[in-house]
1. Please sort 22-31, 163-172 by packing, taking for each peptide the average over its residues of neighbouring beta carbons within 10 angstrom, highest first.
2. Please find the FRET efficiency linking Glu22 to Ala147, where r is the Cβ-Cβ separation and R0 is fixed at 30 Å, and quote it to the nearest 0.05.
3. Taking the dipole about the Cα centre of the stretch 84-182, with the C-beta of Lys and Arg at +1 and of Asp and Glu at -1, give me whichever of Leu95, Gly130, Leu117 is farthest to the positive side.
4. Send over a whole-number figure in Å² for the accessible area per residue of the chain, probe 1.4 Å.
5. Comparing Arg178, Arg204, Arg127, which has the greatest mean-square fluctuation in the GNM of the chain with Cα pairs linked when under 10 Å apart?
6. Taking the mean number of other Cβ atoms within 10 Å as a proxy for protection, how do you rank 132-140, 86-94 from highest to lowest?
7. Rounded to the nearest angstrom and ordered from largest down, what semi-axes does the equivalent ellipsoid of the stretch 73-195 get from its C-alpha gyration tensor (root of 5λ)?
8. In debye, nearest 20, what is the charge dipole magnitude of the stretch 86-215 about its Cα centre with +1 on Lys and Arg Cβ and -1 on Asp and Glu Cβ, if you could check?
Amino acid sequence: MDPAFHEALASGIEALGLPVDEAARALLERYADRLLAWNRKVNLTAITAPAELAEKHLVDSLVLLPVLSGARTLLDVGSGAGLPGMPLACARRDLSVTCCDGVAKKIAFVKAVSAELDLPVRGVAVRAEGDPEREGLPRADAVVSRALADPDRWVPVGARYLAEGGTLLAMLGREVDRAALEAVGAAEGLTLVGLDVYELPISRAARAVARWQRR
Ligand SMILES: C[S@@+](CC[C@H](N)C(=O)[O-])C[C@H]1O[C@@H](n2cnc3c(N)ncnc32)[C@H](O)[C@@H]1O
């Protein structure tokens, strides 16, 4: 992999103080390598420059590590190429991750690379509409979407997959209004327990992570 990939990954991890060991970094590099290789045949990502991929896909996914410290199961809805679920599984091999997406070829990538890297990730090719039993999706300690839908559409769907005491997360690429996030949560019996607004360390791209829990 390009040295710029390693520099961007290392500086992003360091700048954000993320708990990512050497074994995880090796897995992240292999995941990125497979993502770029598959992307030549299957459209998985528009980001193909190694350093940008390290920051905008890997570091941006790993940002969730601190808030997932107590979780044992994660459901990633609309995961595409496994983002954020697969980078998180590289760093947390004790986390049981389910990635779901409505596009079968994206889940084919998730399944193949999880098997190749021996990651604790299951891929399910289904559209999540909020009926866990019909869709064969688990309820999870943490349910996340990244770049899937506006919170007013995501929260009612994602809330149905929460295990008792679980946390619903939305990874958003733009500024968000706290009052609106509180209101969409309240309509589903959820309380907004966190809104982390930050910049990615190299590009300075704005990001936000909203977290809700059941009242
Ligand atoms: C913009 S992409 C984001 C992919 C990935 N989360 C990321 O951050 O790169 C949105 C993905 O959500 C999937 N998707 C949209 N609606 C969905 C639904 N209801 N259930 C499952 N997947 C869905 C699409 O197929 C697409 O792969």
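The values are calculated or read from the model by the stated rules, or taken from the named source; none is laboratory data. From a predicted model like this one, the values you see are computed outputs, not experimental measurements. Because the Cβ atoms are built from the backbone with ideal geometry, glycine has one as well, and the counts that use them run over all protein chains shown. Only protein heavy atoms, including side chains, enter the accessible area calculation; ligands, DNA and RNA are left aside. Shrake-Rupley method; radii C 1.70, N 1.55, O 1.52, S 1.80 Å.
1. 163-172, 22-31
2. That pair, Glu22 with Ala147, gives E of 0.55.
3. Leu117
4. Dividing the accessible area of the chain by its residue count gives 44 Å².
5. Arg204
6. 86-94, 132-140
7. Equivalent ellipsoid of the stretch 73-195: 24, 14, 14 Å, largest first.
8. So the dipole magnitude of the stretch 86-215 works out to roughly 220 debye.
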